[in-house]
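Let me begin by presenting the structure, written as C-alpha cells, before commenting on it.
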C-alpha cells in the first residue's frame, strides 16, 4: 500500500475512533448532564441531526490534525498538543459562554485524553513516519 493511501486510511480510522468516542461520552454517558445544564439555562440542548453532522466533521478534522502533528512530534507531544488545542480550548470557550456543565469534566478529561491517545496511536501505527 502506498504512503498516500496509508495516510488516508490512518486519518479515516482515527476519525471513526474519535467520533465513536465522542458519541459514547456525550450521547450515552453524559447526555443527562448536558440536557439538565441547558434546561437550567432555559435552553434546549442542541441535538438535531445538523448538530451531529457538525460534530462528525469536527472529529475527522481533529483526526487529520492529529495526523499532521504526529509527523513532527513524539506520541506524547502529539497527544498533549492535540488535547490542548481541541479539548482544553473548547472547554474554556464553552465555560466562558456558561454552557459547559463543569460536573462532566470528571469523566470528560480522562476520556478525552484516552481519545487523543488512541487517535494519535492509530496515526503512528497505521502511517509510520
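Could you check segment 86-99 and list, in sequence order, the residues that are under 12 Å from residue 62 (Cβ atoms) and surrounded by 15 or more Cβ atoms within 10 Å (Cβ to Cβ)? 86, 87 - these are the residues of segment 86-99 that are under 12 Å from residue 62 (Cβ atoms) and surrounded by 15 or more Cβ atoms within 10 Å (Cβ to Cβ). A search for C-beta distances below 7 Å between a residue of segment 39-53 that is more than 13 Å from residue 23 (Cα to Cα) and any residue that is part of a helix (DSSP H, G or I), counting only pairs 6+ apart in sequence or on different chains, returns 44/38; 45/34; 45/35; 45/38. Which residue is farthest from the chain's Cα centre (by Cα), if the candidates are limited to segment 1-23 and must be surrounded by fewer than 17 Cβ atoms within 10 Å (Cβ to Cβ) and under 13 Å from residue 59 (Cα atoms)? Selected residue: 12.
Scanning segment 56-85 for residues that are under 11 Å from residue 19 (Cβ atoms), surrounded by 15 or more Cβ atoms within 10 Å (Cβ to Cβ) and either free of Cβ contacts under 8 Å to residues at least 24 places away in the same chain or out of contact with any helix residue (DSSP H, G or I) (no Cβ under 6 Å at 6 or more places or on another chain) (or both) returns a single hit, 58. Within segment 82-129, the residues that satisfy the criterion of being farther than 22 Å from residue 33 by Cα and more than 15 Å from the chain's Cα centre (by Cα) are 124, 125, 126, 127, 128, 129.
Each reported figure results from applying straightforward, stated rules to the coordinates on display, with no laboratory input. No experiment lies behind these values; they were computed from the predicted model shown. Cβ: placed from backbone, ideal geometry, glycine included. Neighbour counts: every protein chain shown.
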